[in-house]
Each structure stands twice: as structure tokens, then as C-alpha cells.
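Chemist: Please find one structure pasted underneath; my questions will follow.
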Amino acid sequence: MAQAQGLGKRYIKAFFKGFFVAVPVTVTFLDRVACVARVEGASMQPSLNPGGRKASDVVLLNHWSIRNYDVQRGDIVSLVSPRNPEQKIIKRVIALEGDIIKTIGYKKKYVKVPHGHIWVEGDHHGHSFDSNAFGPVSLGLLHARATHILWPPQRWQKLQPMLPPERKPLQREQE
């Protein structure tokens, strides 16, 4: 009986040692490398949540790939909402710093994206709260790049950067 108690204590001790190692490693991974997120709403249709389905797409968000703010036109990114810091939004990068973009309903018809900023829009213009509402977005608000659709299984795919032809910048900074 005494041996069983000693064995139980060892298992409990080993469990807690593993737990206290696993939790910080997991938190660091989810914060710095990648995590998954459910996409809600119609703003990114048809790329995400196509056809007004009731089920939401689940995407892989890669934090590591944007650690140096290395984004390109057409990337789908997650960012902190400029209007509500408690909320994360997912949009497509339309223009980079130095680009001149023709806006859709913004207070100015044309905007030159300032240094350290990007212009983001949802794919479904009529249902998107994006740069056309709040202007250029600071690169500091970037959270992650959406790289894959993970759920539902029939939609598993890698998300490719794609810029709609009608949304290309009018003038680009020399690359």
C-alpha cells in the first residue's frame, strides 16, 4: 500500500512538472508562431465564409511570417481593429506604404498610403468595415497572416495572395 502511495505521488509530481513546462511553451507558440481562428461575418466573402453559409471558416493565422511586418499586396491578414482595440478583424492588403489607391467611399477619393501603414479592405465591399471607413492602418496593428483554411474539411486549402484587378494601386512606390 505504501508503494502505491509513493507511485501516485511520483505520477502527480511528474504531471505537474510536465504541466508547468507545457503551458508556457504552448502559450509562447500560440502567441509567437501560429494559432487558429474562426472567421465570422460576410466581409471577406467569397474568399472566406462563401455563399452566406451559417458555418464559419476556421483559418490558420501565422504570426511568425509577419514578425518583420513583411506583407504583400493580396495577403489576407488579421489585425487589431483601429476603432475597437478589443476586436481583431481579418482583411486583404490592397496597398502598401507609398502606394496611391483609389478609395471606395473614403473621405478622400485618392489616398497615398503613409510610411509604416497599409490599406486593407474586405472582399465584400458592401459589408466590410475596412480602410474605406478608417483610413490607412499602422503596421503595428498587424496580428498575423491567414495562410490556410482548416475547416470545414471540404474547403481545406492554402490561401494565396490575390489582388482583385480593379483594386490595384494607381501608382506604386519603387520596389
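The values are calculated or read from the model by the stated rules, or taken from the named source; none is laboratory data. Since the model is a prediction, treat every value here as computed from it, not as a measurement. When we count neighbours, we look across all protein chains shown, and the Cβ atoms used for this are built from the backbone with ideal geometry, even at glycine. Heavy atoms of the whole protein, side chains included, go into the accessibility calculation; ligands, DNA and RNA do not. Shrake-Rupley method; radii C 1.70, N 1.55, O 1.52, S 1.80 Å.
Chemist: Return yes when LEU48 is open to solvent by less than 40 Å² (accessible area, probe 1.4 Å), on the phi < 0 side of the Ramachandran plot and either without any contact (Cβ under 8 Å) to a residue 40 or more places away in the chain or assigned to a loop (DSSP other than H, G, I, E, B) (or both) and no when it is not.
Modeler: Details: open to solvent by less than 40 Å² (accessible area, probe 1.4 Å): yes; on the phi < 0 side of the Ramachandran plot: yes; either without any contact (Cβ under 8 Å) to a residue 40 or more places away in the chain or assigned to a loop (DSSP other than H, G, I, E, B) (or both): yes.
Judged against the criteria, LEU48 is a match.
Chemist: While we're on this one: Somewhere in region 115-122, is a residue among the aliphatic types (A, V, I, L, M) and not in a helix (DSSP H, G or I)? Reasoning before the result, please.
Modeler: Here is the first cut: in region 115-122, the ones among the aliphatic types (A, V, I, L, M) are 118, 120.
With not in a helix (DSSP H, G or I) added as a condition, the list becomes 118, 120.
So far as region 115-122 goes, yes, one or more of its residues are among the aliphatic types (A, V, I, L, M) and not in a helix (DSSP H, G or I).
Chemist: Condition first: of a type outside the set (D, E, K, R) and touching a Gly at 6+ places or on another chain (Cβ under 7 Å). Now tell me which residues in region 112-134 satisfy that. If you could, list the steps in order and put the result at the bottom.
Modeler: Step one: filter region 112-134 for residues of a type outside the set (D, E, K, R), giving 113-120, 122, 124-129, 131-134.
If the condition is that a residue be of a type outside the set (D, E, K, R) and touching a Gly at 6+ places or on another chain (Cβ under 7 Å), then VAL113, SER128, ASN132 are the ones that fit.
Chemist: Inside region 130-175, can you point out the residues that are of a type in the set (Phe, Trp, Tyr) and touching a residue at least 24 places away in the same chain (Cβ under 8 Å)? Full working, then the answer.
Modeler: Going residue by residue through region 130-175, those that are of a type in the set (Phe, Trp, Tyr) are 134, 151, 156.
Correct list: PHE134, TRP151.
Chemist: Restricting attention to region 90-129, report how many residues are in contact with an Asp or Glu (Cβ under 8 Å, 6 or more places away or on another chain) and either in contact (Cβ under 8 Å) with a residue 24 or more places away in the chain or of a type outside the set (D, E, K, R) (or both). Walk me through how you get there before you give the answer.
Modeler: At the first step, the residues of region 90-129 found to be in contact with an Asp or Glu (Cβ under 8 Å, 6 or more places away or on another chain) are 91-94, 96-99, 104, 112-122, 128.
So of that shortlist, the ones also either in contact (Cβ under 8 Å) with a residue 24 or more places away in the chain or of a type outside the set (D, E, K, R) (or both) come out as 91-94, 96-99, 104, 113-122, 128.
So the answer is 20.
Chemist: Which one is surrounded by the most Cβ atoms within 10 Å (Cβ to Cβ) among residues in region 90-119 that are of a type in the set (A, V, I, L, M) and within 18 Å of ARG67 (Cα to Cα)?
Modeler: Per the stated criteria, the residue is ILE118.
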